[in-house]
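Participant: Mind having a look at this structure? Questions to follow.
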């Protein structure tokens with residue numbers, strides 16, 4: 001049995017498993033699972049593409065920062081963020097100050113395998129989506145490397161096994177997770 005002292009913020013690329021692993025992790029720890037993108041769309045009563053089209057990316061990123069801050073001030077939970085949220089230095093600082101970031105690290109081949117047949121990824125609606133994914137991956141790696149913890153994924157590892165791996169990584173952080 002564990003007690004979560006700080007919010008665990010799942011970060012990483014699309015297809016890394018932030019939502020699936022985050023949900024399983026929350027279940028293991030007996031805490032709520034929240035998704036920052038869902039919280040933004042609920043508050044705005046519009047989809048993220050609609051927010052981008054109407055108000056622009058800067059507006060969206062400001063709302064994202066506000067929502068992440070609000071969720072970090074609430075009861076400890078598992079929080080999944082959009083793939084771009086952790087790129088912002090102010091979001092990284094906010095998360096480092098009040099939570100713990102966990103990078104679900106997956107290689108490009110695994111990410112492509114997971115996202116290539118999904119039409120729910122607006123950033124990949126390009127002429128060459130695999131190349132777009134590679135460019136995003138390479139551009140985002142430096143930010144993701146700043147995460148507090150990294151947990152490696154592989155094709156043969158189930159969602160439940162990944163959640164258990166995250167728990168093991170968190171056990172090294174008594175400021176975040178304690179056995180009770």
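The values are calculated or read from the model by the stated rules, or taken from the named source; none is laboratory data. Please read these numbers as outputs of a predicted model, since none were measured by experiment. Cβ: placed from backbone, ideal geometry, glycine included. Neighbour counts: every protein chain shown.
Participant: Looking at the stretch 68-86 only, could you name the residues that are outside any loop (DSSP other than H, G, I, E, B), under 14 Å from the mean Cα position of the chain (by Cα) and at pLDDT 95 or above?
Facilitator: Selection gives 68, 71, 72, 78, 79, 80, 86.
Participant: Continuing with this model, one more query. Would you point out the residue of the stretch 168-180, among those that are farther than 15 Å from residue 11 by Cα and outside any strand (DSSP E or B), that is farthest from the chain's Cα centre (by Cα)?
Facilitator: In this case the residue turns out to be 180.
Participant: In the stretch 117-135, how many are surrounded by 13 or more Cβ atoms within 10 Å (Cβ to Cβ), at pLDDT below 90 and within 19 Å of the chain's Cα centre (by Cα)?
Facilitator: Residues that pass the stated criteria total 4.
Participant: Something else now. Which condition breaks for residue 77 when tested against (1) over 15 Å from residue 13 (Cβ atoms); (2) surrounded by fewer than 17 Cβ atoms within 10 Å (Cβ to Cβ)?
Facilitator: All conditions are met except number (2).
Participant: If you check 171, 140, which single one turns out to be out of contact with any strand residue (DSSP E or B) (no Cβ under 9 Å at 6 or more places or on another chain) and modelled with pLDDT of 90 or more?
Facilitator: 140
Participant: Moving to a separate point now. Look at residue 43 and say whether it is more than 24 Å from residue 149 (Cα to Cα), without any contact (Cβ under 8 Å) to a residue 24 or more places away in the chain and either in contact with a helix residue (DSSP H, G or I) (Cβ under 6 Å, 6 or more places away or on another chain) or not in a loop (DSSP other than H, G, I, E, B) (or both).
Facilitator: So residue 43 does not fit the description; no.
Participant: Could you tell me whether residue 59 is modelled with pLDDT of 90 or more, exposed (fewer than 15 other Cβ atoms within 10 Å of the Cβ), on the phi < 0 side of the Ramachandran plot and in contact with a helix residue (DSSP H, G or I) (Cβ under 9 Å, 6 or more places away or on another chain)?
Facilitator: In short, yes.
Participant: For the subset of the stretch 158-168 comprising residues that are surrounded by fewer than 19 Cβ atoms within 10 Å (Cβ to Cβ) and in contact with a strand residue (DSSP E or B) (Cβ under 9 Å, 6 or more places away or on another chain), which member is nearest to residue 101 (Cα to Cα)?
Facilitator: Restricting to residues being surrounded by fewer than 19 Cβ atoms within 10 Å (Cβ to Cβ) and in contact with a strand residue (DSSP E or B) (Cβ under 9 Å, 6 or more places away or on another chain), the top hit is 167.
Participant: Next question, about the same structure. Confirm whether residue 154 is out of contact with any helix residue (DSSP H, G or I) (no Cβ under 6 Å at 6 or more places or on another chain), surrounded by 12 or more Cβ atoms within 10 Å (Cβ to Cβ) and not in a helix (DSSP H, G or I).
Facilitator: no
Participant: Which of the residues belonging to the stretch 87-103 are surrounded by fewer than 22 Cβ atoms within 10 Å (Cβ to Cβ), part of a helix (DSSP H, G or I) and free of Cβ contacts under 8 Å to residues at least 60 places away in the same chain?
Facilitator: 87, 89, 90, 92, 93, 94, 96, 97, listed by residue number.
Participant: Still on this structure: Does residue 138 count as in a helix (DSSP H, G or I) and free of Cβ contacts under 8 Å to residues at least 40 places away in the same chain?
Facilitator: yes
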